[in-house]
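The values are calculated or read from the model by the stated rules, or taken from the named source; none is laboratory data. Keep in mind that what you see is a predicted model, and the values were worked out from it rather than measured. Positions of Cβ are backbone-derived with ideal geometry, glycine not excepted, and every protein chain shown enters the neighbour counts.
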Amino acid sequence: MSKHFGKQLIVIALAIQLSKLYAAADIPNCAFRDTVSLVNIRSNADGSYTYQGLRIPQNMTATYSYEELSDGTFVTATPHIRGCACKLKQCIQLCCLPNELLDNTTKKCAPRNAVDYPRISTYRSDFTEKQNVDVFEDFIPQQRMPCEEFKILNSALDIEFNILFENGTIFYAIKEKYIAHRDFCLTPFWYNETWNLNPVECFKKIPMTTYLYMTLFTISVPFILVTICVYLYVPQLRCLHNSCLVCFLGTFALGILILSSVLWIRYNWEVCQAMGVLCYFFMISAFFWLNITCFDLWLNIRGIRYELQSSSPRLRFAYYSIYVWSSAVIFTVIALTIEHTDVSDAWKPGFGNGQCFIKSRDWSALLYFQGPSGLLNLFNVFFFTMSVINLYQIKEDSYELKKETSQQYKLSTFLRLFLVMGVSWILEFFTYLFAHNNSFIIVIINTLNASQGIILFVVLVLKRRVLILLKNQWNKST
């Protein structure tokens with residue numbers, strides 16, 4: 001047993017030494033993506049290598065035992081020599097081998113029959129053009145596909161117009177963004193009876209959990225619409241509280257409908273940006289309507305306790321509507337204005353940037369969405385707490401039992417509503433803080449948030465009182 005244990009220690013020690021050796025073999029201050037494989041290239045007498053006419057000194061070469069995939073993960077590979085060519089000359093990434101092209105349908109490299117490789121125009125920083133550039137002479141070409149999901153951009157189209165700078169950066173005109181050479185690749189592209197060399201725009205691969213969440217959002221919409229229909233159909237449920245509730249449900253349904261549609265419908269960038277603005281407007285409106293619903297409940301119960309005269313429901317609903325819609329418009333206009341200013345991208349909401357909404361996992365979401373919704377939820381907590389305190393004072397003083405019973409029912413209804421929406425969005429804020437954590441708990445929280453429409457239907461419709469009222473109204477109608 002001691003011999004076996006001794007052998008295990010030797011194996012572990014060798015593994016540690018080998019890992020240290022390979023770790024130390026990496027070229028200092030040179031990322032893997034800045035290296036090229038020097039396999040099958042003989043070294044010069046001084047230990048340097050000549051790669052496509054470029055001399056790579058010995059101190060900029062090393063033996064690597066791994067390779068980096070397009071998603072940034074590392075995989076074990078046969079030890080091989082690599083050189084840091086991109087530190088000596090600007091590199092450019094080709095999606096496929098020189099005799100291949102990237103097929104936009106199959107998403108794979110396919111043989112290309114043309115003999116000559118397409119040339120391209122490049123621009124200096126002052127936008128001076130250099131035509132007919134041979135990428136094999138002016139750059140160090142690397143064969144690498146930077147992503148799995150992509151779209152080949154056609155520079156001949158205004159909506160996809162882009163230019164390549166000498167430093168390997170692409171400027172995508174309509175999105176007003178620069179794409180570093182590591183984040184795109186070039187491929188031959190047949191258009192207008194000629195071969196062009198076009199870049200690809202990368203998209204993040206959609207994980208399976210996102211499909212789950214969006215499916216639940218999509219399923220939630222019919223449940224919310226049924227809830228709205230019930231509250232509009234039954235006369236006894238038509239009151240100021242429920243008018244606010246219906247407005248909340250309507251804006252929330254429109255928001256999640258737009259949010260979930262982007263997974264099933266492929267929008268172009270301009271439409272995607274417009275959908276993002278609309279989605280933001282409806283989602284922020286939903287939070288303001290929920291806030292007004294809580295406020296109105298507190299105002300009613302407070303009026304009963306202190307025997308205050310309240311204005312007509314129609315007038316109050318008009319005031320509420322002005323508050324909600326003007327607030328939502330102000331938030332949306334501010335976000336849209338900042339989006340089109342010259343401030344840093346970190347401060348922009350990012351409409352259409354990766355998704356047809358705002359950058360919901362960036363810190364800027366705290367400024368435009370998570371922060372405002374969190375503040376409104378805090379006010380909701382205050383209104384509910386004060387409503388409960390006032391209601392218990394009414395019960396102790398035996399004020400207007402009939403009205404008190406009605407308000408108590410409304411309080412219980414909207415308390416459940418707040419627990420569904422308030423707690424779920426508090427949990428949503430928690431997942432925002434841990435956006436890159438894909439633990440089981442995060443998945444469960446996101447699943448519950450995506451199922452809010454179904455939960456709201458259960459809370460607001462599948463109650464004994466509502467079902468009895470619905471049955472009685474149905475019997476009257478038939």
- If we ask which residues in the stretch 348-369 are assigned to a helix (DSSP H, G or I) and at pLDDT 85 or above, their number turns out to be 3
- Evaluate the following for residue 208: is it free of Cβ contacts under 8 Å to residues at least 12 places away in the same chain and either within 20 Å of the chain's Cα centre (by Cα) or in the same structural domain as residue 271 (by TED's automatic domain parsing) (or both)? yes
- Message: Residues that are surrounded by fewer than 16 Cβ atoms within 10 Å (Cβ to Cβ), at pLDDT below 85 and farther than 24 Å from residue 279 by Cβ: does the stretch 193-206 have at least one?
- Response: yes
- Task: Using the structure shown, decide if residue 285 is modelled with pLDDT of 90 or more and either out of contact with any Leu (no Cβ under 8 Å at 6 or more places or on another chain) or among the β-branched types (Val, Ile, Thr) (or both).
- Result: yes
- Can we say residue 257 is surrounded by fewer than 22 Cβ atoms within 10 Å (Cβ to Cβ) and in contact with an Asp or Glu (Cβ under 9 Å, 6 or more places away or on another chain)? no
- Residues (modelled with pLDDT under 90 and of a type in the set (Phe, Trp, Tyr)) located in the stretch 125-141: 127
- Note on the structure: When restricted to 280, 323, the only residue part of a helix (DSSP H, G or I), under 18 Å from residue 251 (Cβ atoms), in contact with a Ser or Thr (Cβ under 7 Å, 6 or more places away or on another chain) and not β-branched (Val, Ile, Thr) is 280
- Leading residue by the ranking (surrounded by the fewest Cβ atoms within 10 Å (Cβ to Cβ)) among those in the stretch 309-332 that are without any contact (Cβ under 8 Å) to a residue 40 or more places away in the chain and over 21 Å from residue 373 (Cα atoms): 309
- Hey, among 251, 210, 218, which residue is modelled with pLDDT under 90, polar (S, T, N, Q) and assigned to a helix (DSSP H, G or I)? 210
- Item | When residues of the stretch 362-380 are limited to those that are under 17 Å from residue 339 (Cα atoms) and touching a residue at least 60 places away in the same chain (Cβ under 8 Å), the one surrounded by the most Cβ atoms within 10 Å (Cβ to Cβ) | 368
- Message: Going by what's in this entry, would residue 243 be described as among the small types (Gly, Ala, Ser), touching a helix residue (DSSP H, G or I) at 6+ places or on another chain (Cβ under 9 Å) and more than 22 Å from residue 320 (Cα to Cα)?
- Response: no
- Query: Right, residue 115: in a loop (DSSP other than H, G, I, E, B) and either of a type in the set (A, V, I, L, M, F, W, C) or touching a residue at least 12 places away in the same chain (Cβ under 8 Å) (or both) or not?
  - Reply: yes
- Task: Check residue 27 against each of (1) over 25 Å from residue 135 (Cα atoms); (2) surrounded by fewer than 16 Cβ atoms within 10 Å (Cβ to Cβ); (3) not charged (D, E, K, R) and name the one condition it does not meet.
- Result: (2)
- Taking the stretch 118-147 and keeping residues surrounded by 11 or more Cβ atoms within 10 Å (Cβ to Cβ) and in a loop (DSSP other than H, G, I, E, B) leaves 118, 119, 124, 134, 139, 144, 145, 146, 147
- Find the residue count for the stretch 42-61, including only residues that are crowded, with 16+ Cβ neighbours inside 10 Å, in contact with a helix residue (DSSP H, G or I) (Cβ under 9 Å, 6 or more places away or on another chain) and under 21 Å from residue 182 (Cα atoms). 3
- Message: Considering only residues that are under 20 Å from residue 89 (Cβ atoms) and either in the same structural domain as residue 149 (by TED's automatic domain parsing) or part of a strand (DSSP E or B) (or both), which ones fall in the stretch 50-63?
- Response: 50, 51, 54, 55, 56, 61, 62
- Item | Residue in the stretch 337-356 that is under 24 Å from residue 219 (Cβ atoms), surrounded by 16 or more Cβ atoms within 10 Å (Cβ to Cβ) and of a type outside the set (Asp, Glu) present | yes
- Item | Filter result (assigned to a loop (DSSP other than H, G, I, E, B) and at pLDDT below 90) within the stretch 64-96 | 69, 70, 71, 72, 73
- Task: All but one of (1) more than 20 Å from residue 204 (Cβ to Cβ); (2) at pLDDT below 90; (3) of a type outside the set (Asp, Glu) hold for residue 292, so report the exception by its number.
- Result: (2)
- Identify the residue in the stretch 165-181 that is outside any loop (DSSP other than H, G, I, E, B) and buried (at least 17 other Cβ atoms within 10 Å of the Cβ) and, among all such residues, is nearest to the chain's Cα centre (by Cα). 179
- Message: Considering only the stretch 102-116, I want to know if a residue exists there that is surrounded by 13 or more Cβ atoms within 10 Å (Cβ to Cβ) and touching a helix residue (DSSP H, G or I) at 6+ places or on another chain (Cβ under 9 Å).
- Response: no
